[in-house]
Each structure stands twice: as C-alpha cells, then as structure tokens.
Amino acid sequence: MADELVKLTIDGREVEVPRGTKVIEAVRDMGSDVPHYCWHPGLTVAGNCRICMVEVDMGRGRQTVISCNLDCSPGMQVFTQSDPAKQARQDVMELLLINHPLDCPICDQAGECKLQEYSFEFGADGSRFEFPKVHKPKHVDFSEHVKFDAERCILCTRCVRFCDEIAGEDELSIVNRGDRNEIAVARGGEMTNAYQLNTVDICPVGALTSTDFRFKSRVWFLKQTRSVCGSCSRGCNTTVGTRWNKVLRMVPAENDDVNQWWMCDAGRLAFKHTAADERLGAPMVRKDGKLVEASWDEALSAAVEGLEAAGDGLFALVSARLTNEELFLARGILDKVGTQHVDFKPRTWPKDDLLRTGDGNPNAAGARFFGIAPGDGAHGLEALAESGLKAAFLCGEDLDERPDDLAALEAMDFVLCTGFHETETMRRCASVVLPGVTEFEKDGSFTNIDGRMQRIQPSLSAPGSARPDWKLLGQLLARLGGGEAPRSADQVLKSMGATHPELEGLSLGRLGPLGKSLPQGESPVTEGENTVTAGENTVTEGENTVTEGASA
C-alpha cells in the first residue's frame, strides 16, 4: 500500500519512511545530507553523477551504492559516513575534476558551487591525471538569457530534464561520446521556453550562467531578502539579491504550495523599474498650471481638501499591485469620502499550465476582498469617459495607454495621484502627487490566486522622501477622520481583523516565509469606517526602513 511504512537504520538511528522513499530522501528527512549533483527533488532520477554513494547492508553483506535510485527496504542498514562511502565519493570527485578548468576565481558560480564545496569537503588533495585536459566550447549563447561553458559542465543532466519534464520543451540534449560529451540545444537552435533561467538555478556548477547577472557581483556580497514576485497573481516566492541599494538578481525561493522551486524568466527579471530615471522622490502640487515640489504636510492637506470636496463624485482607480494593508486603507479613504465609483485596472500576463496565471496583478484577490471593484459597469473604469465626474483618485495607477480616459481626467477639477514613477497621467492631469514606493521597498502582504496571503519585505531604500504607500494612505485616512495614522504595515494588518474576521489574529510575522491560506470566497465590504488604532505591540518604522529577510 502507498501509505505502508518501512523501518530501516541510518547511521545507527532507526527511522520509518513510506514505502518507495529513496535512501537520499530518507537521509534528508532526518536532517542529514548526502552529497549529490544530478538528483533534484523536482526532477526524475538520473543516477549519473555517482557522488551520492553510501554503504548499505541488506542482509547480504555491505556494499557501496548510489542513494538517489535506491528504495528504502525493511531492515536495511545505511552508513553515510563509513570509510568505503567516503572513499567512493573521493574517487568520483577525482574523475569529475579531471577535465574541469581551474577557473574558480572568475566563475560566476563561486560561493554557490557544489563542485567547489564538495571538493573542499571530501576531495583529494591533488590529481593523478597527468595528460592535457579536454577543451570544449566556452561562452556559448543558449539564448539571450542563458550562457553555457561546456568545460565546466559535469553532465548531471538537470538542465536537460528540467526542459523536458517541467518546462515541457525538449530543447536540450547530450551530444557526442565519451569525454567529448556536452550539452547542446536541440537541432542547433536556441532555448525559447519561458522558464530558461531555472536551468541556471539548478546547475550545480558554473556551466550555465545568467547573462543578466553575469559578472555583476559575488554572491557573498549580496543581501538576500525573502519576498514575493509582483508580476502575476501566482505570487512566486523569491529571494531578492541586492547590493549598492540596487536589485542585482531575483531567484525563486522554495514553497511547495505555490511555485515549488521554479519561477518564470519574465517575473525574475521584472525589477528594472526600481532604478528607473523617472522615480518620484518628493510630493508635488500643481500651481499656476505646473507641478512643483511641496512638503508632505502641504501635499497631504491639498489631497484631503480635494477628496472632501469631491465626495461621492469621486472616481477611484486603486491598483491591484498594492498590498492588502494598503488596499484596506484605500478602502477606508473611499468609505470616508462616500464614493461608489471604484475599480482596479486589469493587467494581462502570459498564461501557461505551469505557473503563469494570465493575470498581471499580484493582488487582484486582495482588491476584490476589500471591495476594490465596481458594483456594476456604470461605476467602473469603462464608464469613466462618459461619467461626468469632476474628481479622481488614481492610487498607484495611471491611464497613460487610455487616451479617452486621459482626456476625461484633464477636464476634471481635481485629480490625486500616487505612484512610484512619473507618468504622463501625472504630468497632464494631477493636482497633487504623493510619491509611493515599489514592492521592493516596503513591507506588507499579497493574496495570490489561490487565496494564500504571503509577505513581501523591503530589500531597498526608497528614493528621496518617498513613503511606503501604507504610510501615506494611513496619513490621508487619519486626516479624513479615520483614527490615528498607523506606524507600521504590521499594525495595519493586525487592525484588519476587527472588520474582517478571516484576518483576525494575523500579523506579518505569523504569515511566516510560506504564507497562510485564507478561507475561500470573497468577503463583502464591511459597512462603516476602516479605522486603524495603534496597538501595544506595534513596530515603529522610519520612512525608508530596510528589513533584512530570510536568506534562501
């Protein structure tokens, strides 16, 4: 039976595992490890690197075998640290290094290279190989994203299996024979699948490297922050690597319930906007027909005055890229003003059967949860040009690509815009501009397409005097009579349980690195005010606080 347990002994410790469990998995489950190259928990077993040798006794004497393709069986005794097992690994390491170039000082994989680590841990102190090394192609472009160095490749075939089994594109294969074996793109073409850079992640050596990150920084200089991809509603878990207050790379972080070990190339490269030249760094108010920089107090006062004057004649376009905490505060502002003209802008994103959902908003589920959606077509974005409304609140959004709606905004008496970069909408229409920040510069949470609330964490400092959106929206709400302004995103989340029972008891810390699944179904908007009251255990944050995340 599938649930039947088998009992065996590993390094003198008796363990029980489900029948069919491989020895390498059983060792990992007990908190230890067996060195491995070709084995990966998300791929089929290849058994070709041979480094995962252990010694086993199944009642017929002890022998060394690979652990990745050996099923646990009743009564089996496994020895991972015996002298024969260690000698077998050392012999395999010597073979793997025969033709490997000694270019660690210039290899991008240094600091993350399993060949380097295992060689140091149990490799020999020299080589008996006295012949010239076999030279293979170097700096080969597999695609615009991936570069290949055949001399470093140990032919583990992880990349080949990934393309075939996960990406669904049989793009890589092994060509030639013997010591001339190498990985090549099938039929002499180039990789085109949407998940190519995952082959770089799972390559245990420096054979496959990212052209975007190549030679930018040693990995040990990166500050690693656990967060969530904001490119689509899947909410892939990520590790953001930053240096010099710049995002240099973003790689997937493991979460079995969301993205496992993978993420698409477009999502992992979607951080360039953080360093864009048009980033906003100060509030602005329109005077004599021109936007000029203003103090936060002046800009907030002008924003509140315009919102109060608009009342139920206000159209609000609230971004589904904002966090749950910010959407809650935005909902509170709209309730205070009393408008029903509310919508969020849909965004298309490629869709496939692996991770990409087709919805380019990372928090559309959160927006709907808090009622940031039109009650009917007459109140939504599609009816804006004919609505005759005289004021608008564009919260984290713009209408640059919608000329008719942009013309409608120009004719309005008051337009409040928040966002992190200057847009044509702001230049032409805004009465007040409040600078927010990107998802890389603030704390908060997103709710993905499956109803899992996950935490984002800041990995950068925001430019100028730009403020996290939860902060500027909380200050707006406070000035509209919505209670004390929040001092942290966590405080906002804790206060949300008062009006939304599904969120009661939650905090950013309790979400943990893997997030929490919320009850399915949309929550109706609670009638009344969304006020935020300071609690006893709040964390005070500065405007540009940077919080270290968990290292992957």
Exercise. Hey, among the residues in region 508-536 that are more than 27 Å from PRO374 (Cα to Cα) and either touching a Leu at 6+ places or on another chain (Cβ under 6 Å) or hydrophobic (A, V, I, L, M, F, W, C) (or both), which one's modelled with the lowest pLDDT?
Worked result: ALA534
Problem set entry | Within region 502-522, tally of residues that are in contact with a Lys or Arg (Cβ under 6 Å, 6 or more places away or on another chain) and in a helix (DSSP H, G or I) | 2
Exercise. Could you count how many residues in region 44-62 are assigned to a loop (DSSP other than H, G, I, E, B) and hydrophobic (A, V, I, L, M, F, W, C)?
Worked result: 6
Problem set entry | Failed item, numbered, when GLY47 is tested on (1) in contact (Cβ under 8 Å) with a residue 24 or more places away in the chain; (2) within 15 Å of LEU155 (Cβ to Cβ) | (1)
Exercise. Out of contact with any Lys or Arg (no Cβ under 8 Å at 6 or more places or on another chain), over 27 Å from ASP297 (Cα atoms) and among the aromatic types (Phe, Trp, Tyr) - does that describe any residue in region 429-441?
Worked result: no
For this session: Answer yes or no as to whether ALA270 is in the same structural domain as ASN198 (by TED's automatic domain parsing) and either surrounded by fewer than 20 Cβ atoms within 10 Å (Cβ to Cβ) or modelled with pLDDT of 95 or more (or both).
Result: yes
Seminar exercise, completed: THR499: passes all of (1) assigned to a loop (DSSP other than H, G, I, E, B); (2) farther than 20 Å from ASP343 by Cβ; (3) in contact (Cβ under 8 Å) with a residue 40 or more places away in the chain but (3)
Problem set entry | In region 280-316, residue nearest to GLN475 (Cα to Cα) [restricted to those that are touching a Gly at 6+ places or on another chain (Cβ under 8 Å) and not acidic (Asp, Glu)] | ALA282
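For (1) under 13 Å from GLY235 (Cα atoms); (2) at pLDDT below 95; (3) open to solvent by 70 Å² or more (accessible area, probe 1.4 Å), each residue gets a yes or a no:
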site: VAL247; (1), (2), (3): no, no, no
site: MET263; (1), (2), (3): yes, no, no
site: ASP277; (1), (2), (3): no, yes, yes
site: ALA294; (1), (2), (3): no, no, no
site: ALA299; (1), (2), (3): no, no, no
Exercise. Assuming LEU354 fulfils every condition listed in (1) surrounded by fewer than 19 Cβ atoms within 10 Å (Cβ to Cβ); (2) without any contact (Cβ under 8 Å) to a residue 60 or more places away in the chain; (3) under 26 Å from the mean Cα position of the chain (by Cα) apart from one, which condition is it?
Worked result: (2)
For this session: Return a yes/no flag: does region 314-322 have any residue that is small (Gly, Ala, Ser), closer than 16 Å to PHE414 by Cα and surrounded by fewer than 21 Cβ atoms within 10 Å (Cβ to Cβ).
Result: no
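The values are calculated or read from the model by the stated rules, or taken from the named source; none is laboratory data. Note that the coordinates shown come from a computational prediction; the quantities given were computed from them, not determined experimentally. With ideal geometry, Cβ positions are generated from the backbone for all residues, glycine too; neighbour counts draw on all protein chains shown. The protein model used for the area step is the full one, side chains on, heavy atoms only, and it has no ligands, DNA or RNA in it. Shrake-Rupley method; radii C 1.70, N 1.55, O 1.52, S 1.80 Å.
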